[in-house]
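A short worksheet on the structure shown next.
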Amino acid sequence: MRRFSAVNLLASRFYDKIRDMAESSKDELRIIFRRGGQQKFLREVGGTLPLQEMARICACSPRTMCDWRREKFAMQNECARLLSRRTKIPIPITVSTRDRYAHTRKAGLKGARAVQAKYGRFPVDEVQRKRAWRTWWQSEGKSTANPLLRPRPIRKPSRDSELAEFIGIVMGDGGISDYQVVVTLHDTTDLEYSTFVLRLAEKLFGVRPSVYHHTKYAANSIVISRRELVQFLHRAGLPIGNKVQQQFDIPGWIKKSKKLSVACVRGLVDTDGCVIIHRYRVRGKLYRYKKLSFTSRSLPLQTSVAKILADLGMRARISGYDVRLEGIADMQKYFSLVGTHNPKHLKRYRT
């Protein structure tokens, strides 16, 4: 009979649990393209099918489809097959597939080894350990001054256009928890923009963010772990926790100012927006023009963004979860009046 070390046994049990979860879920296989391949494939499909139709075929939202096209996440294998069959666009032969939870065995083993290295053994009685900790905390711990628990100060900027844009960025591809502010961007297409976000955060709050790379999702997370910053942004109007469940909106102090509203919309569209090339045929002739689409599941936020664009003289239209600009003149107005700090949007608009 094969013998297992404590580390291998713990990792094996963790992996088995995750594997059972994967087997109970539908279509957990992910298709893995070479870098840039998923984006290229979906753009070719987008030349034949509109975004809404692609989302309908894949039974997902247009936002998910935009995330796949930006290579923010690996797309479902079955969705790629359906789109390929529908459009006759072949999937590259260099792709591979991977289970959604394929990484968990390695992660479980790594975590188990870290616990063993730190403590020398695995906790024998976790319930007893927690009970002893609560007893200590109630009798002594919470009344003891601990410098590690003191909130670290931040610079508190004035409510200007740079702060309004940063709030738009967090409302788009970010969020705040009780202790952290996080913005997640694509590690390739948003690499230059990530540098802008890092510099903006450091300039505003006097804090150098940490950056964590997620290889599986081809994403970088920009993280600031400061409770003082969380409280500051919450008082400025950002919700803590799930933004969509709270149906969040642009803070009132921003909407009162045209200049601040424009800056906030720029942050929102730079993160959760995309420039779409719309193609169609009339009597055999191919026409194409560019659209701007901002996606959000928060209805108040959709309404506010559409109103701000309308007040600037643009014909904004709400369609499903999207706020869209579809006319050539409106696109020119947007990039002239609102602009962008995300090089990929500007490049796609000009190309």
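Rule-based calculations on the coordinates, nothing more; no lab input. This is a predicted model, so every value here is computed, not measured. As a convention, Cβ positions derive from the backbone with ideal geometry for all residues, glycine included, and neighbour counts pool all protein chains shown.
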*When only Cα pairs under 8 Å and 6 or more residues apart are kept, what is the percent relative contact order across region 268-350?*
28
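P(r) tail for region 164-246, what percent of Cα pairs lie past 17 Å?
Above the 17 Å cut-off, region 164-246 has 42 percent of its Cα pairs.
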*State, to one decimal in nm, how far the label point of Gln247 lies from the label point of Ser177, with both points 7 Å from Cα in the Cβ direction.*
2.7
_Starting from the 7 Å offset along Cα-to-Cβ, what nm value, one decimal, do you get for the label separation of Lys203 and Thr48?_
4.5
*Just grab the label-to-label distance for Lys156 and Tyr289, each label 7 Å out from Cα along the Cβ direction, in nm (one decimal).*
4.9
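Can you list the trypsin sites (Lys or Arg not before Pro) in region 55-101 that are in a DSSP coil and have 16 or fewer other beta carbons within 10 angstrom?
Counting only loop positions with at most 16 other Cβ atoms within 10 Å, the trypsin sites (Lys or Arg not before Pro) in region 55-101 are Lys88.
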*Between their Cα atoms, which of Lys243/Lys333; Lys256/Lys307; Lys40/Lys291; Lys40/Lys243; Lys256/Lys344; Lys40/Lys344 are more than 21 Å away from each other?*
Lys243/Lys333; Lys40/Lys243; Lys256/Lys344
*How high is the relative contact order of region 228-311, in percent, with contacts defined as C-alpha pairs under 8 Å that are six or more residues apart?*
29
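Students often check this: by mean Cβ neighbours within 10 Å, which of 34-40, 324-330 ranks highest, and how do the rest follow?
324-330, 34-40
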_Contour minus Cα-Cα distance for Ile32 and Ser143 (0.36 nm per residue)_ = 34.7 nm
